[in-house]
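Input: a single structure, listed below in structure tokens.
The values are calculated or read from the model by the stated rules, or taken from the named source; none is laboratory data. Owing to the predicted nature of the structure, the values given are computational and were not obtained by experimental measurement. Every residue, glycine as well, gets a Cβ built from its backbone with ideal geometry; the counts of neighbours run over all protein chains shown. SASA here: full protein model, heavy atoms, side chains in, ligands and nucleic acids out. Shrake-Rupley method; radii C 1.70, N 1.55, O 1.52, S 1.80 Å.
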Amino acid sequence: MNTAQVLRVYDDPGRIAGEHRVLVDRLWPRGVRKEALDYDEWLKEVAPSTELRRWYGHEPSRFDEFARRYRDELDEAPAAGTVERLREVADRQRLVLLTATRDVEHSGAEVLAEVIGAGG
């Protein structure tokens, strides 16, 4: 299996039985109460660093370079161990990566899903 689905927290249709739901943003989603979001864990350590996130600024023209730099971050501790654990989860059950970003296609969550799916 080893795949992860990315869902925007504001468009979340709700939990499907047996899935593991992980918030992968460094910052809590605006306007969402913690008790209102259906998630199993919040893994800030796999989010892009604050410096990288600020540099990127969600500019689609910077996405390829952002993705390259973010993959480098995911290869380093503490993110690397968490990525490996998420791969193991994805092998056993449906893994959902939750993010607040508007442009999911050009997001860190999408890069993380690809890295998890690549299996190493």
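Within segment 1-12, the set of residues being open to solvent by less than 70 Å² (accessible area, probe 1.4 Å) and not charged (D, E, K, R) comprises Asn2, Ala4, Gln5, Val6, Leu7, Val9. Among residues of segment 37-59 that are without any contact (Cβ under 8 Å) to a residue 24 or more places away in the chain, those with a Cβ under 6 angstrom from a residue that is open to solvent by less than 40 Å² (accessible area, probe 1.4 Å), sequence gap 6+ or separate chain, pair up as Asp40/His20; Asp40/Arg21; Glu41/Val22; Trp42/Leu23; Tyr56/Phe66.
Is it the case, given these coordinates, that Glu84 is modelled with pLDDT of 95 or more, open to solvent by 10 Å² or more (accessible area, probe 1.4 Å), assigned to a helix (DSSP H, G or I) and not hydrophobic (A, V, I, L, M, F, W, C)? Yes, satisfied. Taking residues in segment 6-19 that are within 13 Å of Leu95 (Cα to Cα), and partners anywhere that are open to solvent by less than 50 Å² (accessible area, probe 1.4 Å) and small (Gly, Ala, Ser), the pairs with Cβ atoms closer than 8 Å and at least 6 places apart or on different chains are Val6/Ser107; Val6/Ala109; Val6/Ala113. Among the residues of segment 95-113, is there at least one that is open to solvent by 40 Å² or more (accessible area, probe 1.4 Å), over 21 Å from Arg8 (Cα atoms) and either at pLDDT 95 or above or not hydrophobic (A, V, I, L, M, F, W, C) (or both)? The answer is no; no qualifying residue exists.
Determine which member of the set Thr101, Thr50, Thr82 is touching a Leu at 6+ places or on another chain (Cβ under 7 Å) and among the β-branched types (Val, Ile, Thr). The match here is Thr82.
The residues of segment 13-58 that are open to solvent by 80 Å² or more (accessible area, probe 1.4 Å), in a loop (DSSP other than H, G, I, E, B) and not β-branched (Val, Ile, Thr), listed by number, are Pro13, Arg15, Ala17, Leu27, Arg30, Gly31, Arg33, His58.
Across segment 59-71, the number of residues qualifying as open to solvent by 80 Å² or more (accessible area, probe 1.4 Å) and either assigned to a helix (DSSP H, G or I) or closer than 14 Å to Glu114 by Cα (or both) comes to 6.
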